[in-house]
Amino acid sequence: MVKDTFVITNPTGLHTRPAKRVVAEAKTFECDITITSISKGKVANLKSLLKLMKLGLSQDSEVELSCDGADEQAALDHIKSYIQNLED
Amino acid sequence: MKGEAVSAGIAFGNVFILEQDLEVKDCSIKTCDTALEIERFQKGRQLAAEHLERLVKKVLAEMGEDKAEIFEGHLEILTSEDVEEEVTEIIEKSLVCAEEAIRIFAETNAQEMEELDDDYFKERGQDFRDIGKQLIKGVTGKFEDLSSLPPDTIIVSQELTPSQTAAMDMKNVRGLLVHTGGVNSHAAIIARSREIPAIIVRDTNPEQIIRNGDKLIIDGFTGDFWINPNATTTTKLKKKQAKKIKERETLLQVVSLPSVTADGKKVGLYANVGGLHDVESANRYHADGIGLFRSEFLFMESSSSPSLAHQVEVYKAAVTAMGGKNVIIRLLDTGADKPLPYWQLPQEDNPFLGVRGIRLLFEKEDILRTQIQAMLIASEAGPLGMMIPMVASLKPIQRIHALIDEEKRALDWKGPDNLTLGVMIETPAAVQLIEEILEIVDFVSIGTNDLTQYTLAADRGNPLVDLYYDEFHPAVLRSIAHVIKKANKAGKLNGICGELAGNPLVLPYFVGLGVQELSATPVKLPDLKYILREIKAEDAQELVKEVLRIPTSDGIRARLNRFLQERDLLR
């Protein structure tokens with residue numbers, strides 16, 4: 001398992017639309033991917049829009065991304081950079 | 001058959017019965033039925049998804065990408081595996097039918113979202129309830145799609161909520177027949193502003209006598225209606241309609257003439273509007289300004305609070321369309337009786353005496369500040385009056401003054417000084433404080449609907465006290481006289497913008513008081529202008545002296561009636 005910690009930077013956070021895109025990206029990997037809201041101490045499966053939304057990850061939230069499975073390193077690198085490059 | 005006429009005109013059309021919100025009764029099932037309920041849920045979900053897909057396309061074409069994305073998000077969640085897993089689990093574990101399982105699913109998730117700290121995410125709780133409703137409609141097969149109605153529709157309903165009207169495809173609505181409410185109910189006000197005939201049928205439940213698809217004629221002049229009328233009735237009513245249209249055209253010729261009395265006294269005839277659609281008709285009827293722009297409709301149209309950019313766009317368009325005439329926009333005026341889909345309000349026993357108008361806005365200062373900013377920016381395009389609703393002391397006015405100054409500083413405001421500040425005079429307290437209020441505002445406008453209900457302690461939405469809600473009550477008319485007199489003495493712009501301002505019977509009284517502007521639904525302006533141009537301010541002043549001495553509404557009505565009758569102006 002690999003993990004990394006970073007901060008959500010896009011202004012609206014992972015609300016419906018950006019979250020939807022992140023979920024779509026996550027689904028292209030085989031490994032299990034979870035995201036943890038550090039301040040709330042809650043974990044969600046990143047392949048589920050419903051669960052991701054309920055984390056309420058707004059701008060400046062600190063998160064831990066963790067990937068576990070065959071393509072874990074590729075997934076971690078890709079998803080992290082995808083989230084950090086969200087603009088709206 | 002007969003009801004009460006609340007919006008003039010004659011409508012011919014096909015009945016569309018508006019179902020009320022679907023109530024799910026707790027329905028327990030047996031273990032052996034779970035498979036069946038899961039299947040019902042899955043089929044319903046398929047239908048709901050197809051329905052949402054069509055809605056996304058429609059919204060995309062009509063309202064643009066921003067609004068469509070809300071429904072795209074709904075669709076994504078609705079079709080996700082999580083929904084399937086969670087609802088199936090509830091059916092199996094709690095042994096309830098598909099509808100109840102969906103309701104539990106939606107409510108649990110909505111509440112979880114509402115517990116988040118971020119306001120934006122909190123509002124998404126309402127999205128889960130919407131998704132739940134869509135799913136339940138899919139399972140029961142009962143879709144209420146108001147955004148695309150068949151041509152020539154007459155809506156038949158228990159009542160009409162503000163958000164239902166906002167979603168409704170008004171271009172195909174010919175008439176309204178509702179069961180509850182009064183002449184000042186939301187449905188009635190909307191019908192008049194859209195020039196759609198409407199009647200209220202209280203004594204029978206219309207849904208027991210009218211079926212979907214029935215032919216219906218409603219006469220918004222008399223309150224009569226006919227279900228599946230015969231040929232004779234149809235011909236008779238068509239003739240009446242033609243005659244009324246002709247009368248209207250004659251009136252329309254008067255409408256382009258200046259708003260002055262026969263002896264040359266100017267009285268501005270302004271329009272009350274609910275959105276840009278009404279601003280168009282205000283111009284068509286040559287309104288001298290906008291006396292009341294109800295900003296709440298802008299807030300009801302969408303599933304989240306309108307953005308700064310969107311508000312600026314709308315306010316600016318209104319100011320620009322009026323070409324330099326005064327445009328008075330009321331700050332969001334809502335309360336428990338007019339809820340917004342994305343703003344959970346506490347239940348109150350007496351919403352009219354509760355947290356509404358400016359009281360509510362102070363609780364959501366971000367929304368208030370955005371609206372102030374939007375009006376400030378829009379005032380670049382021309383004169384714009386900001387009107388504060390539900391004022392009962394000086395404090396809210398001082399607070400708004402301070403907020404405007406803060407927003408000006410924040411924007412480093414160097415634009416033109418076009419923004420004025422005024423108060424809606426609608427509480428007896430504001431009437432008593434009028435001199436002090438006038439010292440700190442640019443204008444006042446009397447909201448007669450609320451002033452009447454607060455002065456007479458009679459809820460205007462309660463048909464049981466209709467008898468006690470009387471706009472011609474001497475206490476109401478004397479309060480109005482006091483306010484106008486003090487405002488003119490202070491040299492401040494004054495007007496009247498409640499329903500009473502559009503009543504031709506009382507027009508001579510207002511003219512006699514020296515009111516500067518009367519603001520009414522655009523469609524009423526031709527009638528008002530016709531009478532205004534026929535009467536003399538001098539006679540009207542004499543009338544005022546008499547009316548102020550009459551102690552009863554009946555006496556006042558009779559005197560006002562006589563004034564018009566003597567001049568052959570009574571219709």
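Results, tabulated for the structure shown:
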| item | result |
| --- | --- |
| Segment A:59-88 residues that are over 18 Å from residue A:16 (Cα atoms) and touching a residue at least 24 places away in the same chain (Cβ under 8 Å), paired with ones that are hydrophobic (A, V, I, L, M, F, W, C) and in a helix (DSSP H, G or I) (beta carbon under 7 Å, 6 or more apart) | A:65/A:76; A:65/A:79; A:67/A:75; A:67/A:76 |
| Residue within segment A:42-65 that is within 14 Å of chain B (Cβ to nearest Cβ), closer than 24 Å to residue B:83 by Cα, surrounded by fewer than 15 Cβ atoms within 10 Å (Cβ to Cβ) and more than 10 Å from the chain's Cα centre (by Cα) present | yes |
| Residue pairs meeting the criteria (Cβ under 6 Å; at least 6 apart or on separate chains; first touching a residue at least 24 places away in the same chain (Cβ under 8 Å), in segment B:149-161; second in a loop (DSSP other than H, G, I, E, B) and among the acidic types (Asp, Glu)) | B:149/B:169 |
| Complete set of residues in segment B:373-394 that are β-branched (Val, Ile, Thr) and within 21 Å of the chain's Cα centre (by Cα) | B:388, B:391 |
| Condition broken by residue B:340, with the remaining ones in (1) at pLDDT 95 or above; (2) aliphatic (A, V, I, L, M); (3) buried (at least 19 other Cβ atoms within 10 Å of the Cβ) satisfied | (1) |
| Members of segment B:547-570 found to be surrounded by 15 or more Cβ atoms within 10 Å (Cβ to Cβ) and modelled with pLDDT of 95 or more, listed by number | B:547, B:548, B:550, B:553, B:555, B:556, B:557, B:559, B:560, B:563, B:564 |
| Residue list for segment A:22-41, restricted to those being aliphatic (A, V, I, L, M), more than 14 Å from chain B (Cβ to nearest Cβ) and either under 12 Å from residue A:82 (Cβ atoms) or surrounded by 20 or more Cβ atoms within 10 Å (Cβ to Cβ) (or both) | A:33, A:35 |
| Among the residues listed as B:173, B:260, the single one being in contact with a Ser or Thr (Cβ under 6 Å, 6 or more places away or on another chain), at pLDDT 90 or above and not basic (Lys, Arg) | B:173 |
| Subset of segment B:261-304 (residues that are hydrophobic (A, V, I, L, M, F, W, C), over 16 Å from residue B:325 (Cβ atoms) and surrounded by fewer than 18 Cβ atoms within 10 Å (Cβ to Cβ)) | B:262 |
| Conditions (1) outside any helix (DSSP H, G or I); (2) among the hydroxyl-bearing types (Ser, Thr, Tyr); (3) buried (at least 18 other Cβ atoms within 10 Å of the Cβ): number failed by residue B:256 | (3) |
| Qualifying position, being assigned to a loop (DSSP other than H, G, I, E, B), among the polar types (S, T, N, Q) and at pLDDT 95 or above, among B:379, B:393 | B:393 |
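The values are calculated or read from the model by the stated rules, or taken from the named source; none is laboratory data. Values in this document were obtained by computation on a predicted structure and should not be read as measured data. Cβ atoms come from the backbone with ideal geometry, glycine included; neighbour counts cover every protein chain shown.
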